[in-house]
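Structure record follows, encoded as structure tokens.
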Ligand SMILES: [Zn+2]
């Protein structure tokens, strides 16, 4: 159905040399192949310290959003976004993507095979937007309601051939200077088959290690590794509480201390799990929790004035449909599958540069649009490529 080979030539030069051999250049730094005067002309002054927040509702298709709106019986915070687009979610190997390939498309601008974490179809590491941001002095953060080593957050910071390699993914965190990460998965840092204690290593690198919401709340500056579960955090309905919102606000507080702006990825991980479980109420609880975090993030962006917020999904899960709803907001849902579907997913955008997210495009474009918001340039040989159904 898909031809992997069509991806290879486009990125071969970039990939074969090394991860950082392709020069990523932000405003004010010289590209080796272009004059600095051209860069200065191209880059608007106000973009110098822009913040970009990418919020991913895993498995959040239009029906999941609709269900959240019906059940809430009020407007969603998502509705505050003035710009909406549609993202085509196929991976390089499948019409129906998984979260690893979906997030790697956002993080690297490249379609890859299902299960791939920050690598291309040939399993070669690709620089992620988080790493590129870091190289440009931009602060970085990841927040999730899954293990922080789970496919979506992992794809922004790790390079592994399989999403199943949680311990290797955790070790990749040490290879970066990420400023803040909050999620589950503590055991992959601490109780490892190689007996390494990555928490000790994180401390040596200057991270505050915080366990649970209270300890996370005490960290007021510096680098933070925050853990909310040994493995996967609870469902919202099981008492997880408003951790997603609290963690997102803590990440914003810490990252906003950087003068050169920040990149933050926030994932509502379990909307997807509700879809896999074919459980409308699970979807709704997680959807509304995610939307509450969206509201707080949009409040931050509105106050800041220099923050671009993008809210989207990696794919839809469940082939979810709404067949009826009671007056009290109870939904009678139907499902076509307990896996993901190929349907396009919406992209919401708010803030400076939001208009670039209108239209219909491949998920890989979100990477390029975010880089453009940061005024970071890709080398010519890494221009975005379309991957169409063969
Ligand atoms: Zn899934």
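Students often check this: by mean Cβ neighbours within 10 Å, which of 323-332, 286-295, 159-168 ranks highest, and how do the rest follow?
Numbers: 323-332: 11.4, 286-295: 24.6, 159-168: 19.6.
Output ranking for 323-332, 286-295, 159-168: 286-295, 159-168, 323-332.
Rounded to 0.05, the FRET efficiency of the residue 175 and residue 231 pair, given R0 = 22 Å and the Cβ-Cβ distance, is 0.45. The stretch between residue 203 and residue 306, if pulled fully straight at 0.36 nm per residue, gains 33.9 nm over its current Cα-Cα span.
If the segment from residue 260 to residue 62 were pulled out straight at 0.36 nm per residue, it would be longer than the present Cα-Cα gap by 67.8 nm.
Computed with the Debye formula from one identical point scatterer per Cα of the stretch 125-262, without solvent, the log10 of I(q)/I(0) at q = 0.20 Å⁻¹ comes to -1.25. The shape of the stretch 245-298 comes out prolate: with a ≥ b ≥ c from the C-alpha gyration tensor, a/c is at least 1.5 and a/b beats b/c.
How much FRET efficiency would the formula 1/(1 + (r/R0)^6) give for residue 122 and residue 95, where r is the Cβ-Cβ distance and R0 is 22 Å, rounded to 0.05? Present the calculation step by step, with values, prior to reporting the outcome.
Values: r = 21 Å, r/R0 = 0.94.
It comes out at approximately 0.60.
Using 0.36 nm times the number of residues separating residue 74 and residue 218, minus their current alpha carbon distance, what extension gain do you get? Walk me through the intermediate numbers first.
Details: separation 144, 0.36 × 144 = 51.84 nm, distance 3.37 nm.
Here the segment from residue 74 to residue 218 would lengthen by 48.5 nm.
In terms of the Cα gyration tensor, with a ≥ b ≥ c the square roots of its eigenvalues, is the stretch 227-349 rounded because a/c is under 1.5, prolate because a/b exceeds b/c, or oblate? Prolate, because a/c is 1.5 or more and a/b exceeds b/c.
Is the stretch 106-198 rounded, prolate or oblate when judged by the Cα gyration tensor, a ≥ b ≥ c being the square roots of its eigenvalues, rounded requiring a/c under 1.5 and prolate requiring a/b larger than b/c? Verdict is oblate for the stretch 106-198.
Rule-based calculations on the coordinates, nothing more; no lab input. Remember, predicted model here, so these are calculated numbers, not experimental data. All Cβ positions, glycine included, derive from the backbone under ideal geometry; neighbour counts span all protein chains shown.
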